[in-house]
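Remarks on the structure that follows.
The values are calculated or read from the model by the stated rules, or taken from the named source; none is laboratory data. Keep in mind that this is a model prediction, so the values were computed, not measured. Ideal geometry is used to build each Cβ from the backbone, glycine not excepted, and the neighbour counts take in all protein chains shown. Keep in mind that these areas ignore ligands, DNA and RNA; they rest on the heavy atoms of the full protein, side chains included. Shrake-Rupley method; radii C 1.70, N 1.55, O 1.52, S 1.80 Å.
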Amino acid sequence: MNKKTKYILSVIFSISGFILAALLNVVVPQKAEGVVFEDYTVFGITTNSNQAYRVVLYVLIIGYLIAGIVDWFHEKKRNQYQKRAAFRFVCGIALFLWDLLGTKLQVLTQPFFPGPAGIMTAFVSEGDFIWTNTLYSLRLYAFGFAIGVITGVITGVLVGWFPKVAYWVNPVLKVLGVIPAVAWMPFALTLLPTPFAGAVFLIAVSVWVLVTTLTAAGVESTPKVQFEAGRTLGGNSLYLVFHVAIPHALPQIFLGITTANGYAFTTLVMAEMMGQPGGLGYYINASKVWSAYYKVFAAIIVMAILFSIITKLIELIRDYFLRWQKGVVR
């Protein structure tokens, strides 16, 4: 089997799971009783949640097919596409089983485990409300994460460079590092003027601790020979910090930022569940009160997509600043 044939089979394998899921949804009749798909108007088009779910499957099939065609012309992307083929197939089969057990037969306990068509009801019935809460979460996350990263990098450089700063800050880091950021929520909501400011503070603290710790470790671990080389070239202390210490610490800095991203997202959801007037965490909490678990799953899916996109953006920024590592680090 030549390389081209093997790749074509991997593309077919990638989309076959989603094709099976689409065929199941179209061909197999609804067996469970009492399942009604109401019509809603979305962007001027009348549709229901089951039809919307089919559209998602069609988009996935066409998207992965186009990606397979495009990636063929780039060796690295082609290899990555082939490696992920089995994962895509399993995802398609998971949707197949989920639709069968959660919607067609409703073997899964309802309303706690709705099928994919049931979850799509949240998007077609109140997509605007979900979008509004998503924007609120993004705004809250952006403020908290940016403040945490900026202050964390600055503090980390100061701790790593000045022993006197390390003397005062390291004990604080050790204490804050073992206390979950949400534990400070009662104080944040009481002392800060608005719930939004309180949540930003909690996210910033969770990010600040990790970024500061790893930035300081990166600066402190800079080999002395690099400082000596910098001084030989006539560099002063400021030059050594910005052209020697910080570049050396960049891998550690981005490790801290990547790790802190997960903590920030967790803190974001917890803060929204406990005192915010909006956001995906607020949406989950409000939906849970009314046992609208299909809305809870919809919010979780949006969170997963957002987290994946943000993580990918961080990785792209990291790869740009650490492009010198290509061929050096596996």
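Points to keep in mind about this one:
Table: residues versus (1) under 24 Å from Ile147 (Cα atoms); (2) open to solvent by less than 20 Å² (accessible area, probe 1.4 Å); (3) under 17 Å from the mean Cα position of the chain (by Cα).
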position: Val207; (1), (2), (3): yes, yes, yes
position: Ala216; (1), (2), (3): yes, yes, no
position: Thr222; (1), (2), (3): no, yes, no
position: Glu228; (1), (2), (3): no, no, no
position: Thr232; (1), (2), (3): no, no, no
position: Glu272; (1), (2), (3): yes, yes, yes
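- Only one entry of Pro171, Pro193 meets the criterion of being without any contact (Cβ under 8 Å) to a residue 40 or more places away in the chain, part of a helix (DSSP H, G or I) and open to solvent by 40 Å² or more (accessible area, probe 1.4 Å), and that entry is Pro171.
- Scanning region 292-300 for residues that are open to solvent by 40 Å² or more (accessible area, probe 1.4 Å) and more than 22 Å from the chain's Cα centre (by Cα) turns up nothing.
- Test for Leu255: is it surrounded by 13 or more Cβ atoms within 10 Å (Cβ to Cβ), without any contact (Cβ under 8 Å) to a residue 60 or more places away in the chain, within 26 Å of the chain's Cα centre (by Cα) and more than 20 Å from Val165 (Cα to Cα): yes
- Breaking point among (1) open to solvent by 50 Å² or more (accessible area, probe 1.4 Å); (2) closer than 25 Å to Ala21 by Cβ; (3) in contact (Cβ under 8 Å) with a residue 24 or more places away in the chain, for Ile62: (3)
- Yes/no for Val26 being within 30 Å of Trp131 (Cβ to Cβ) and open to solvent by less than 80 Å² (accessible area, probe 1.4 Å): yes
- Within this structure, Thr151 passes the test of being of a type in the set (Val, Ile, Thr), out of contact with any Cys (no Cβ under 8 Å at 6 or more places or on another chain), more than 23 Å from Leu280 (Cβ to Cβ) and surrounded by fewer than 17 Cβ atoms within 10 Å (Cβ to Cβ).
- From the options Phe129, Phe96, Phe113, residue that is under 29 Å from Ile15 (Cβ atoms), open to solvent by 60 Å² or more (accessible area, probe 1.4 Å) and in contact with a helix residue (DSSP H, G or I) (Cβ under 9 Å, 6 or more places away or on another chain): Phe113
- Screening region 106-159 for residues that are aromatic (Phe, Trp, Tyr) and under 30 Å from Ile253 (Cα atoms) and picking the one that is nearest to the chain's Cα centre (by Cα) gives Tyr141.
- Residue within region 214-221 that is in contact with a Leu (Cβ under 7 Å, 6 or more places away or on another chain) and under 30 Å from Met274 (Cβ atoms) present: yes
- Residue tally, condition within 16 Å of Gly92 (Cα to Cα) and out of contact with any helix residue (DSSP H, G or I) (no Cβ under 7 Å at 6 or more places or on another chain), over region 27-55: 1
- Of everything listed in (1) under 30 Å from Ala32 (Cα atoms); (2) surrounded by fewer than 22 Cβ atoms within 10 Å (Cβ to Cβ), the single unmet condition for Thr134 is (1).
- Count - residues of region 145-194 that are under 14 Å from Gln276 (Cα atoms) and at pLDDT 90 or above: 0
- Of all residues making up region 221-246, the number that are in contact (Cβ under 8 Å) with a residue 40 or more places away in the chain and farther than 18 Å from Phe162 by Cα: 0
- Identity of the residue in region 29-53, within 16 Å of Gly118 (Cβ to Cβ) and hydrophobic (A, V, I, L, M, F, W, C), that ends up most open to solvent (accessible area, probe 1.4 Å): Val36
- Selection of region 274-301 for residues being among the small types (Gly, Ala, Ser) and over 17 Å from Trp131 (Cβ atoms) yields Gly275, Ser291, Ala292.
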